[in-house]
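Structure first, commentary second.
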Amino acid sequence: MKNLKLASKENKARTVVNVSGVEIGGGFTVMAGPCSVESEAQVIETARAVKAAGADMLRGGAFKPRTSPYAFQGLGLNGLKILEKARQETGLPVVTEVLDPRDVSWVAEFADVLQIGTRNMQNFSLLREVGRAGRPVLLKRGMFSTLEEWLNCAEYILSEGNPDVILCERGIRTFESYTRNTLDLSAVPAIHELTHLPIIIDPTHSTGRISLIGPMSLASVAAGADGLLIEVHCRPQEALCDADQALTPAMFADIMGRIRPLKAFMDQLPEQDNFLPQG
Ligand code: PEP
Ligand code: MN
């Protein structure tokens, strides 16, 4: 792929992003939590539950990129303070979205990983800003973006001096309407042959259906993903955002119970010959 000076596989075999001891790209990392931070009780209860089920990191949005300006936009600074408290209580590092280049430096003081959402993937001033923030970045794929466009966005962050970029496939728009988006699972091996950066799958936003999240999580493990980002809410019916796709803690624990043995089984298989073109 042209123009990929830093993201290209030719530069480096593998990037492992270390977030307070959690190694993304060095195993299988599960990030879980609510779509949005709604209250301290909601986040702490959910954080405890996902930790008990074996999650490695806590997710939760304090700034929400909503389709309607009248929908719940997130708690902002108060939400970040709640996430900080949840980290203190559980020890789970926190991934949270930043929407505006002007907020990056202070949001970075609360976040262990800064999330760039699908709607902002090509917000180049935001990418440059998180490239200078001194925090790992979770870069979601734009819902209309090719792999090449996505990797060029990673290149923006890397070129500002930030080597810690985690890619997240969250589904792309197609004509299919049964699912919220179409999960491009082939992005996992494709990204692994194009770049050294880790890639995780978001089975929540890509399917938008709780019944499909478990099967797609297992498929992500089999495809060689470096982890998952899953929405979990202690009372999904009450969620202020994405209520239809949030798992209960019990559903999440059930999926975790199948992911871990599958990953262990996959790790025993002989290294796959990836049939890359020679020369
Ligand atoms: C989210 O993770 O809550 C989110 C808004 O995701 P996306 O940007 O993929 O829609
Ligand atoms: Mn969401």
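The values are calculated or read from the model by the stated rules, or taken from the named source; none is laboratory data. Source: prediction; values computed, not measured. Cβ sites come from the backbone with ideal geometry, for glycine too, and all protein chains shown count toward neighbours.
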TODO: Output yes when any residue across the stretch 98-107 is at pLDDT 95 or above, touching a strand residue (DSSP E or B) at 6+ places or on another chain (Cβ under 9 Å) and surrounded by fewer than 21 Cβ atoms within 10 Å (Cβ to Cβ), and no when none is.
DONE: no
TODO: Just one of (1) more than 13 Å from ligand 1 (Cβ to nearest atom); (2) closer than 29 Å to S20 by Cβ; (3) in contact (Cβ under 8 Å) with a residue 60 or more places away in the chain trips up E193, so point out which.
DONE: (2)
Task: Hits in the stretch 209-227 (condition: part of a loop (DSSP other than H, G, I, E, B) and either within 14 Å of ligand 1 (Cβ to nearest atom) or closer than 13 Å to V30 by Cβ (or both)) - done: A225, D226
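Going by the structure shown, is D242 within 16 Å of ligand 2 (Cβ to nearest atom), modelled with pLDDT under 95 and touching a strand residue (DSSP E or B) at 6+ places or on another chain (Cβ under 7 Å)?
Spelling it out, D242 is indeed within 16 Å of ligand 2 (Cβ to nearest atom), modelled with pLDDT under 95 and touching a strand residue (DSSP E or B) at 6+ places or on another chain (Cβ under 7 Å).
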TODO: Tally the residues that are away from ligand 2 (no atom under 16 Å from the Cβ), of a type outside the set (D, E, K, R) and either modelled with pLDDT under 95 or more than 17 Å from the chain's Cα centre (by Cα) (or both), restricting the search to the stretch 29-50.
DONE: 4
- [ ] Output the number of the condition that A55 fails; it satisfies all remaining conditions of (1) crowded, with 23+ Cβ neighbours inside 10 Å; (2) of a type in the set (G, A, S); (3) in contact with an Asp or Glu (Cβ under 9 Å, 6 or more places away or on another chain).
- [x] (3)
Open item on the list: So, restricting to strands (runs of 3 or more DSSP E) that lie completely within the stretch 1-113, which ones have at least 3 residues that are more than 15 Å from ligand 1 (Cβ to nearest atom)?
Closed with: 17-19, 22-24
Task: Boolean, F275 is away from ligand 1 (no atom under 16 Å from the Cβ) and either out of contact with any Ser or Thr (no Cβ under 8 Å at 6 or more places or on another chain) or part of a strand (DSSP E or B) (or both) - done: yes
Task: Near pairs, Cβ below 8 angstrom, 6+ apart or cross-chain, from the stretch 12-39 (without any contact (Cβ under 8 Å) to a residue 12 or more places away in the chain) to any residue that is among the hydroxyl-bearing types (S, T, Y) and away from ligand 2 (no atom under 16 Å from the Cβ) - done: E23/T29
Task: Residue satisfying condition, being closer than 26 Å to M1 by Cα, under 19 Å from the mean Cα position of the chain (by Cα), among the small types (G, A, S) and surrounded by 16 or more Cβ atoms within 10 Å (Cβ to Cβ), within set A223, A246 - done: A223
- [ ] Output the number of the condition that R119 fails; it satisfies all remaining conditions of (1) closer than 25 Å to K81 by Cα; (2) among the charged types (D, E, K, R); (3) more than 16 Å from ligand 1 (Cβ to nearest atom); (4) out of contact with any helix residue (DSSP H, G or I) (no Cβ under 8 Å at 6 or more places or on another chain).
- [x] (3)
Open item on the list: Among the residues of the stretch 161-184, are any surrounded by fewer than 21 Cβ atoms within 10 Å (Cβ to Cβ), over 23 Å from L247 (Cβ atoms) and free of Cβ contacts under 8 Å to residues at least 24 places away in the same chain?
Closed with: yes
Task: Candidates I230, I255 - the one that is part of a strand (DSSP E or B) and out of contact with any Asp or Glu (no Cβ under 6 Å at 6 or more places or on another chain) - done: I230
